[in-house]
1. Looking at segment 112-143 only, could you name the residues that are outside any loop (DSSP other than H, G, I, E, B), over 23 Å from Ala81 (Cα atoms) and of a type in the set (A, V, I, L, M)?
2. For residues that are within 11 Å of the ligand (Cβ to nearest atom), surrounded by 16 or more Cβ atoms within 10 Å (Cβ to Cβ) and not polar (S, T, N, Q), scanning just segment 211-231, find the one that is farthest from Met194 (Cα to Cα).
3. Give the number of residues within segment 72-106 that are touching a strand residue (DSSP E or B) at 6+ places or on another chain (Cβ under 7 Å) and closer than 17 Å to Val6 by Cα.
4. Of a type in the set (A, V, I, L, M) and in a helix (DSSP H, G or I): does that describe Ala229?
5. List every residue pair whose Cβ atoms sit under 7 Å apart, with the two residues 6 or more apart in sequence or on different chains, where the first one lies in segment 232-247 and is surrounded by 12 or more Cβ atoms within 10 Å (Cβ to Cβ) and the second, anywhere, is aromatic (Phe, Trp, Tyr).
6. Taking the residues in segment 210-222 that are assigned to a loop (DSSP other than H, G, I, E, B) and touching a Lys or Arg at 6+ places or on another chain (Cβ under 7 Å) as candidates, determine which candidate is farthest from Val84 (Cα to Cα).
7. Within segment 254-268, is even one residue within 14 Å of the ligand (Cβ to nearest atom) and of a type outside the set (Phe, Trp, Tyr)?
Amino acid sequence: MNSERVTTAYFRQAKKEGRPLTMLTAYDYPMAKLVDAAGIDGILVGDSLGNVVLGYSSTIPVTMDDMVHHIKAVTRGVSRAMVVGDMPFLSYHLSVEESLRNAGRIIQEGGAQAVKLEGGQEVAQTVKALVAAGIPVMGHLGLTPQSVHQMGGYKVQGKDEAAARKLLADAKALEEAGVFAIVLECVPTALAKMVTEMLEVPTIGIGAGPYCSGQILVTHDLLGMYGGAGPKFVKRYANIHEDIMKALVAYREEVQNGTFPGPEHSFHMPEEVLARLC
Ligand code: KIV
């Protein structure tokens, strides 16, 4: 694997050559280091931070300060992957000027190489302005969690003709506005394939089937951090919830029954020094 920094040109070239792109989320330094070392092409510091790390029930309470704080931790741990910072709820809707200021913080303070924002034709002008300022933008269509109240829940999108046509038009509008890639979340496989074939820029799927140009998952989901049944589109590659619980309970039991710390975890002093103290 080449250790050169992944760029937007790398994303474009991968799609051209039919090489699947890999992306995962990270929100802190240790996970970012692991994801980067695993050779993943892109790391999204998603506003899923709200659900996964901060304990909120949606992404809506996540602030710009939350995002910048976590993006800084991630970028300190990454040397190859492209780091994409999510723009949180209402950080790119009030005015183009405010959107530029917020995207600028993600790049300048956070050290990310790109930003991601949700929406189609309604955010195209904003995307144009960010791209014109030299900020690479990743789009996000389909299930857009910041609009959960408008969508009436976390549901598959684009299933009827009108919704599918709107998603196709939104994807075209984002490409024309200058995005370098588009996340497609929870859309039917056939529609994601159509979008991918229609666009020059790569699509990154999550719950969008195998025909996207790449895939992304929330890292904590694929590692099985929270136990229980996750969303249908997640494949569990590990069960760290169980491993962590086993370790924590073993520690508690060993402290309570006196087997930890043992002599191998303790410091010793010369017997004669000890004798002089007594
Ligand atoms: O915030 C996030 O983690 C995301 C991914 C699910 C694509 O937007």
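1. Keep residues of segment 112-143 that are outside any loop (DSSP other than H, G, I, E, B), which gives 114-116, 119, 121-132, 137-142.
Add one more test, that the residue is over 23 Å from Ala81 (Cα atoms), and what stays is 119, 121-126, 128-129, 132, 142.
Val123, Ala124, Ala129, Ala132 - these are the residues of segment 112-143 that are outside any loop (DSSP other than H, G, I, E, B), over 23 Å from Ala81 (Cα atoms) and of a type in the set (A, V, I, L, M).
2. Looking only at segment 211-231, we keep the residues that are within 11 Å of the ligand (Cβ to nearest atom), and these are 215-221, 231.
Okay, now just the ones that are also surrounded by 16 or more Cβ atoms within 10 Å (Cβ to Cβ), so 215-221.
Keeping just the survivors that are not polar (S, T, N, Q) gives 216-218, 220-221.
Working: Ile216: 19, Leu217: 21, Val218: 24, His220: 30, Asp221: 27 Å.
Ranking the qualifying residues of segment 211-231, first place goes to His220.
3. Initial filter on segment 72-106 (touching a strand residue (DSSP E or B) at 6+ places or on another chain (Cβ under 7 Å)): 74-75, 78, 81-87, 103, 106.
This time we only want the ones that are closer than 17 Å to Val6 by Cα, so: 74-75, 78, 81-85.
Within segment 72-106, residues that are touching a strand residue (DSSP E or B) at 6+ places or on another chain (Cβ under 7 Å) and closer than 17 Å to Val6 by Cα number 8.
4. For Ala229, the condition - of a type in the set (A, V, I, L, M) and in a helix (DSSP H, G or I) - is not met.
5. His241/Tyr226
6. Our first condition is that a residue be assigned to a loop (DSSP other than H, G, I, E, B); within segment 210-222, this holds for 210-213, 218.
Going one step further and asking which of them are touching a Lys or Arg at 6+ places or on another chain (Cβ under 7 Å), we end up with 211, 213.
Details: Tyr211: 22, Ser213: 17 Å.
Once the filter is applied, the top-ranked residue is Tyr211.
7. Taking segment 254-268 and keeping what is within 14 Å of the ligand (Cβ to nearest atom), we get none.
Scanning segment 254-268, I find no residue that is within 14 Å of the ligand (Cβ to nearest atom) and of a type outside the set (Phe, Trp, Tyr), so the answer is no.
This table checks each residue for (1) without any contact (Cβ under 8 Å) to a residue 12 or more places away in the chain; (2) closer than 23 Å to Val115 by Cβ; (3) outside the structural domain of Ile60 (by TED's automatic domain parsing).
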position	(1), (2), (3)
Pro145	no, yes, no
Ala162	yes, no, no
Arg165	yes, no, no
Lys172	no, yes, no
Val179	no, yes, no
Gly207	no, yes, no
Ile216	no, yes, no
Thr219	no, yes, no
Leu222	no, no, no
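The values are calculated or read from the model by the stated rules, or taken from the named source; none is laboratory data. Since the model is a prediction, treat every value here as computed from it, not as a measurement. Cβ sites come from the backbone with ideal geometry, for glycine too, and all protein chains shown count toward neighbours.
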